[in-house]
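The values are calculated or read from the model by the stated rules, or taken from the named source; none is laboratory data. Owing to the predicted nature of the structure, the values given are computational and were not obtained by experimental measurement. In this analysis, Cβ positions are derived from the backbone assuming ideal geometry, glycine residues included, and neighbour counts consider all displayed protein chains. For the accessible areas, the whole protein counts, side chains as well, though only heavy atoms, and no ligand, DNA or RNA atoms are used. Shrake-Rupley method; radii C 1.70, N 1.55, O 1.52, S 1.80 Å.
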Amino acid sequence: MFDLIIRRANLPDGRKGIDIAVKDGRIAAVEASIAAEAKEEIDATNRLVSPPFVDPHFHMDATLSLGLPRMNISGTLLEGIALWGELRPIVTKEELVERALRYCDLAVTQGLLFIRSHVDTSDPRLVTAEALLEVKERVKPYIDLQLVAFPQDGYYRARDGVASLVRALDMGVDIVGGIPHFERTMEEGKASVEALCRIAADRGLPVDMHCDETDDPMSRHIETLAAETIRFGLQGRVAGSHLTSMHSMDNYYVSKLIPLMAEARINVIPNPLINIMLQGRHDTYPKRRGMTRVRELMDAGLNVSFGHDCVMDPWYSMGSGDMLEVGHMAIHVAQMAGIEDKKKIFDALTINSARTLGLEGYGLEKGCNADLVVLQAVDTLEALRLKPNRLAVIKRGKVIARSAPRIGELFLDGRPARIDGGLDYVPTQK
């Protein structure tokens, strides 16, 4: 007797009509036509069942604060930073906790059960760290939340920036962050990378750094980050987020840079929604697309995962917590519309992001944690196109969210009465 069996599931790797059996919060079997009973069964009806979505880059302290204290009129990165600088000194721990919990509610309905959030440490009060450490504990039964000590105003540039970041780590924040391109000079940016990697090595912590989020082709802190990663023996434990300056760099330089990043096993985290919104603002035409070289980085064997970054905050007035929306935009911006391309994009929202976060027990194999999402789509390609409803979201074998199928009704003579967009309109692929 199993606790749960999901029948007739299509899996991301292309297997169809598979049953998934769950016992004691773990996947006990993944095979066709499991001849057993369970306390609960879900008929996936030949729809996609995936491991949960993973967001490797988010700002939960700012989420849902759109309009506070005012709107970002220019829509630029720098005005967003200035706006957050106005809000941060007056925000309360209670406000931060409430907004973060509301976002986590939304995330669960979207099948997003793993999030890495940056926590601004530039205000010496550190109410952001206090609030998100509380949220991390409160959502632990259903969301795994990792926290990055992020010196938004610069590790050296911000008053008390160095001491505040160390205090946040002492409070229990998990990961060392940075923003070298926002320091006063290139040299201070380079020095911050070295100092922050040294802290991570001394404390045995990962690194996740906002790096080169600019159109400036001479912003090359990712080179320093890769070199310091090797120097301190942090290979595989370091992430470079954004890396948008790579879209402006000389091709010859990039031909040297990418192998260095591969040697350091840097995890790359582009953020397609926010990158295409904020970058290229100084361009007339041609206008840069605002995202790093995703295809080239993937082809070089680097682990690339996509982040949502922001939802309704000073930097981004849109967003829904749907990682498929992130992947949908990535397909367009990276111009990765082929079948194999799209499969790689889906992986960048799931297994690649899980690798970035160092998750254990993630996946659809026997013995993995029974964390699963049933989607109203037949496969990963259709999921990225349709951004379908999550019919069931499962954590450790327990259903924690459901959504009704999206069904269209027609009142036309001689035409179907109902349209299930996830099953009825899938082109036959040879």
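Here are the numbers for the structure shown:
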quantity: Any hit, the range 291-304, residues being open to solvent by less than 60 Å² (accessible area, probe 1.4 Å), touching a helix residue (DSSP H, G or I) at 6+ places or on another chain (Cβ under 7 Å) and closer than 30 Å to Y142 by Cβ; calculated: yes
quantity: Which numbered condition E79 misses (of (1) open to solvent by less than 30 Å² (accessible area, probe 1.4 Å); (2) in a helix (DSSP H, G or I)); calculated: (1)
quantity: Only listed residue being open to solvent by 10 Å² or more (accessible area, probe 1.4 Å) and either free of Cβ contacts under 8 Å to residues at least 12 places away in the same chain or in contact with a Phe, Trp or Tyr (Cβ under 6 Å, 6 or more places away or on another chain) (or both), chosen from E130, E137; calculated: E137
quantity: Top-ranked residue of the range 305-315 - restricted to ones that are open to solvent by less than 10 Å² (accessible area, probe 1.4 Å) and out of contact with any Phe, Trp or Tyr (no Cβ under 6 Å at 6 or more places or on another chain), ranked as farthest from L112 (Cα to Cα); calculated: D313
quantity: Answer residue from the range 337-394, given it is acidic (D, E) and open to solvent by 40 Å² or more (accessible area, probe 1.4 Å) and is farthest from V326 (Cα to Cα) among those; calculated: E365
quantity: Boolean, A100 is in a loop (DSSP other than H, G, I, E, B), surrounded by 13 or more Cβ atoms within 10 Å (Cβ to Cβ) and modelled with pLDDT of 95 or more; calculated: no
quantity: Which listed residue is under 26 Å from R157 (Cβ atoms) and touching a residue at least 12 places away in the same chain (Cβ under 8 Å), from T63, T45; calculated: T63
quantity: Residues satisfying the stated conditions in the range 82-94, i.e. assigned to a loop (DSSP other than H, G, I, E, B) and open to solvent by 60 Å² or more (accessible area, probe 1.4 Å); calculated: P89, I90
quantity: Qualifying residue in the range 112-130 (condition: in a loop (DSSP other than H, G, I, E, B) and under 22 Å from the mean Cα position of the chain (by Cα)); calculated: yes
quantity: Strands (runs of 3 or more DSSP E) (entirely within the range 363-427) containing at least 1 residues that are touching a helix residue (DSSP H, G or I) at 6+ places or on another chain (Cβ under 9 Å) and over 15 Å from L48 (Cβ atoms); calculated: 390-395, 398-402
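For (1) open to solvent by 40 Å² or more (accessible area, probe 1.4 Å); (2) among the hydrophobic types (A, V, I, L, M, F, W, C); (3) assigned to a loop (DSSP other than H, G, I, E, B), each residue gets a yes or a no:
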{"residue": "A149", "(1), (2), (3)": "no, yes, no"}
{"residue": "R159", "(1), (2), (3)": "yes, no, yes"}
{"residue": "V162", "(1), (2), (3)": "yes, yes, no"}
{"residue": "R167", "(1), (2), (3)": "yes, no, no"}
